[in-house]
1. Which is surrounded by 10 or more Cβ atoms within 10 Å (Cβ to Cβ) and of a type outside the set (D, E, K, R), of V38, V66?
2. Kindly list the number of the only condition in (1) modelled with pLDDT of 95 or more; (2) assigned to a loop (DSSP other than H, G, I, E, B) that fails for F7.
3. Any residue in the stretch 13-30 that's of a type in the set (K, R): show its pairings with residues that are surrounded by fewer than 10 Cβ atoms within 10 Å (Cβ to Cβ) at Cβ separation under 7 Å, as long as the two are six or more apart or on different chains.
4. For the stretch 1-30, give me the residue count where each residue is within 17 Å of L54 (Cβ to Cβ) and of a type in the set (D, E).
5. Suppose we filter I44, I50 for residues that are surrounded by 10 or more Cβ atoms within 10 Å (Cβ to Cβ), part of a helix (DSSP H, G or I) and out of contact with any strand residue (DSSP E or B) (no Cβ under 9 Å at 6 or more places or on another chain); which single one remains?
6. Give me the pairs: first residue in the stretch 43-69 and on the phi > 0 side of the Ramachandran plot and basic (K, R), second residue outside any helix (DSSP H, G or I) and at pLDDT below 95, beta-carbon distance under 6 Å, and six or more apart or on different chains, which are they?
Amino acid sequence: MREEYDFSEGVKNPYIKQPKTAVTIRLDTATVEYFKGVSKQVNIPYQTLINFYLADCAAKKMRPEVSWR
């Protein structure tokens, strides 16, 4: 093994996925349970399912209709 290696002409791995950002989010228990149930049906992790859903909403530029009472 060499003492040193020259990585000056190295390139980033083009096959790696884009990194994800870790966030803390507080969700209602019922919401989490819903996504956990659906995730079991479609056989993907619930956090991945939530990410897919939010990404789809963002791609469609969906906006929630919120009315405060």
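1. V38
2. F7 satisfies all of (1) modelled with pLDDT of 95 or more; (2) assigned to a loop (DSSP other than H, G, I, E, B) except (1).
3. none
4. Total meeting the criteria: 1.
5. The match here is I50.
6. Final answer for the pair search is none.
The values are calculated or read from the model by the stated rules, or taken from the named source; none is laboratory data. Computed from a predicted model, the values in this text were never measured in an experiment. With ideal geometry, Cβ positions are generated from the backbone for all residues, glycine too; neighbour counts draw on all protein chains shown.
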